[in-house]
Structure formats: C-alpha cells, structure tokens
Amino acid sequence: MSRQPTVPQLILASESTSRRQLLGQLRIPFLCAPAHIDETPLPEEDPEQLVERLARQKAEALEHEHAGAVIIGADQVALFDGEATSKPGSAERARAMLARYSGHSVVFLTGLCVLDTRSACSYYHLDRTQGVFRTLSPDEIARYVDADEPVACAGCFKVESLGPSLFDAIHSEDPSGLPGLPLIALSRFLRETGFRAP
C-alpha cells in the first residue's frame, strides 16, 4: 500500500485580516505567525525592490521557528505619481491622501514570496494593479474614512469593504492582488510545494 506524501505545515507571515481571509479561500489549513521586521525603505531602493525584499524577509524571519513548513510572506505598496506612499496612520492623513488620489490613478505593487523551508527553495511573484479613483467630494471622503477607518491600509482604502465605491475602474491580472495576496500565483507556488489547490 503506497503512502501519501506528507503535506507540510503552511504558515502565513501576516496579521492582516484580508490576507487571512484570502488564504482561507483556498481551503488549505494554515497558521498565522506575524513576522516583526523593520519595513523602512533602504536608500536608493525602488518600490519594486522594496516589496520584494520585505515579502522575502517576512517569510525568512519565521524560517527557524517553523522548520519544515512552507511560509508565505507578502508586502504591498501604493504608487502615486511614481512615488511610494505610506500607510496614512491617522484619519486626517487618510482624508488628505484620498483628496490627492481623487480623479487620478494609483498603482499597487504586491510582492509575494513562498519559502519552502524543507528545500530552502523560494518562489517570488510581483503583482501590479492599477486603480482609477473617481472624483471624490470632501463629504464622500470624510464619510468613507469614518466608515472604513483605512488608516493602516496601503492605498488608504479597504477593497474588501467600502473601498470599491471610490473607483471608476480597477485593472489587474489577478483581482486578489489588490487586497494583498495574489491567489493565482500563490496557488501555482503551493502546487509546486506539494499542496492541492484546488
């Protein structure tokens, strides 16, 4: 009688509610174990390099604690006029950021790293999504910030909540990239590491 290959433990290196919900859609058991790393950009580091470095570091930070596991790290940054924007951190800054975005496009870069600690092999994918904000009135911005409290979100909105009401269009190869975990690439990487998806 042949034995089924052992499926490794799957770890999501994140505290993000939206990433946890997205990974749950794949119906693969997993644990959340946030990686506490310094996310400060390095001098001369461009946004694509930043999200790759942080996604990889988040996965690698848990490598020794979860030996034998497959670890998912992800990071996201929003670009406005080619410049990376930080998370707002306060309602006042959130309102100011959305006022700047009103009527303009913002590009969201999501870096995804899957680290197989059994083989020390890692997989990386960069997802790029363009969001076209509609023209927003000050009242709409204030109502949105009060309702969704997007102060800890890259791009200053929650796509899993009221965020879509802020846009005229969203252009992406993978709609799950915008909320922070590109499931098309992730499913491919998980199949490579021995999981069934689906």
Practice problem: State which residue pairs qualify: first residue in contact (Cβ under 8 Å) with a residue 60 or more places away in the chain and inside segment 24-36, second residue in a strand (DSSP E or B) in any location, beta carbons under 7 Å apart, and separation of 6 or more residues or different chains. | Solution: 28/10
Practice problem: Please list, ordered by first then second residue, the pairs with beta carbon atoms under 7 Å, 6 or more apart or interchain, first in segment 9-22 and touching a residue at least 60 places away in the same chain (Cβ under 8 Å) and closer than 14 Å to residue 110 by Cβ, second surrounded by fewer than 21 Cβ atoms within 10 Å (Cβ to Cβ) and among the acidic types (Asp, Glu). | Solution: 18/160
Practice problem: Kindly provide the set of residues from segment 135-166 that are closer than 21 Å to residue 110 by Cα, surrounded by 19 or more Cβ atoms within 10 Å (Cβ to Cβ) and not β-branched (Val, Ile, Thr), ordered by number. | Solution: 150, 153, 154, 155, 156, 157, 158, 163, 166
Quiz item: Tell me, which residue of segment 17-37 that is touching a Pro at 6+ places or on another chain (Cβ under 9 Å) and of a type outside the set (D, E, K, R) is modelled with the lowest pLDDT?
Solution: 18
Quiz prompt | For residue 55: the one exception among (1) at positive phi; (2) in contact with a strand residue (DSSP E or B) (Cβ under 7 Å, 6 or more places away or on another chain) | solution = (1)
Quiz item: Is it true that some residue in segment 83-90 is under 19 Å from residue 144 (Cα atoms) and more than 18 Å from the chain's Cα centre (by Cα)?
Solution: yes
Quiz item: Looking at (1) hydroxyl-bearing (Ser, Thr, Tyr); (2) modelled with pLDDT under 95; (3) in a strand (DSSP E or B), which is the one condition that is false for residue 161?
Solution: (3)
Quiz item: What about residue 10, is it loosely packed, with under 14 Cβ neighbours inside 10 Å and touching a strand residue (DSSP E or B) at 6+ places or on another chain (Cβ under 6 Å)?
Solution: no
Exercise. Give segment 109-134 a look and list any residue that's surrounded by 23 or more Cβ atoms within 10 Å (Cβ to Cβ) and either among the small types (Gly, Ala, Ser) or modelled with pLDDT under 95 (or both), or say none.
Key: 111, 131
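The values are calculated or read from the model by the stated rules, or taken from the named source; none is laboratory data. Just so you know, these numbers come straight off a predicted model, no measurement behind them. Glycine also receives a Cβ, built like all others from the backbone with ideal geometry; neighbour counts cover every protein chain displayed.
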